[in-house]
Amino acid sequence: MVLFPVFLFSQGPAESDKHYQQGSLYLQSKMYNEAAMEFQKAVDLDPNIIEYHKKLGETYERLCEVSKAIAKFQYVIKHNPFDADSHFFLGNLYFRRKRTGEAIEEFKKAIELDTNFPQAHLNLGTAYHKQKQLEQAKIEFENAIRLKSDYARAYTKLGNVYFDKSMIDKAISAYHTSLEYDPSSDFTYYNLGNAYLLKGDLDRACFNWLRAAGLGDKYANGLFSKHCK
């Protein structure tokens, strides 16, 4: 009787990576349910790889499964507190749940860990603006622009701060700069129209509301009908 040796190979890591790669392809293709299934399989096969949990959290966020996403990013941060992206994602999720104070702390941690993170500054500024901390919001939007000079959305949000501070000329300037970088922004045209209305320049207000309406802003038509016909 001849005995042949039997070799047992662990399929866990190799199989888990296959599911991770497939999940990443689904995520890029915006097939979020399929991506979640693949990332969960990767986690089940090798729960010690934190990146699998992180991608599953990102996918839950895209699926608007906020509670699951929060739990995943809390898990990731517990095991890797130096992951700036996970603090950023968790901040976004807290903000969506109206947990603005907690969102602010997460955005601040993301910025501490990655000093070149313009979107974290933008979202931190948005959270400060939500809390009516206008000067802090202004500083963060300016920081975002400092890191990314063509950041159209940051110019729009800076304009909104100036608008709320009744600094209408500066608001108008910020909106115009935003539109130089992104001329397809309906809400920027809408806000610019509102600023011109406060300036008493109805012609320019109507022009910008009309542009906003043409780009799909649902509120601009109402203001145009009220003030411009």
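Please treat every number below as a calculation from the coordinates, not as lab data. Because the structure is predicted, anything quoted here is derived from the model rather than measured. Positions of Cβ are generated from backbone atoms using ideal geometry, with glycine treated the same way; all protein chains shown enter the neighbour counts.
Applying the Karplus relation 6.51 cos²θ - 1.76 cosθ + 1.60 with θ = phi - 60° to segment 212-228 yields 3J(HN,Hα) values of 4, 4, x, 8, x, 5, 7, 9, 5, 4, x, 5, 4, 5, 6, 10, 10 Hz, where x marks Gly and Pro.
Taking only alpha carbon atoms, segment 97-174 gives an Rg to Rh ratio of 0.98, where Rh is the Kirkwood radius. In this Cβ point-charge picture (+1 for Lys and Arg, -1 for Asp and Glu), the chain has a dipole of about 880 debye about its Cα centre. With the Cα gyration tensor of segment 111-229 giving a ≥ b ≥ c as the square roots of its eigenvalues, does the rule (a/c under 1.5 for rounded; else a/b larger than b/c for prolate; else oblate) give rounded, prolate or oblate? Since a/c reaches 1.5 and a/b is larger than b/c, the shape of segment 111-229 is classed as prolate. Applying D = kT/(6 pi eta Rh) to segment 37-149, where Rh is the Kirkwood radius over alpha-carbon pairs, T corresponds to 25 °C and eta to 0.890 mPa s, the Stokes-Einstein value obtained is 171 µm²/s. Summing +1 for each Lys or Arg and -1 for each Asp or Glu among the other residues whose beta-carbon sits under 9 angstrom from that of S16 gives -2.
For the chain, the longest principal axis of the alpha carbon atoms and the long axis of helix 84-96 meet at an angle near 60°. Any idea what angle helix 32-45 forms with the longest principal axis of the chain, computed on alpha-carbon atoms, 0 to 90 degrees, nearest 10? Rounded to the nearest ten degrees, it is 40. For the chain, the list of Cys residues with no other Cys C-beta under 4.7 Å reads C64. Relative to the dominant Cα principal axis of the chain, helix 186-199 is inclined by about 30°.
Taking a point 7 Å from the Cα of L134 along the Cα-to-Cβ direction, the residues of segment 165-180 with backbone N closer than 17 Å to it are 165-175.
Dividing the convex hull volume of the alpha-carbon atoms in the chain by its residue count gives 153 Å³ per residue.
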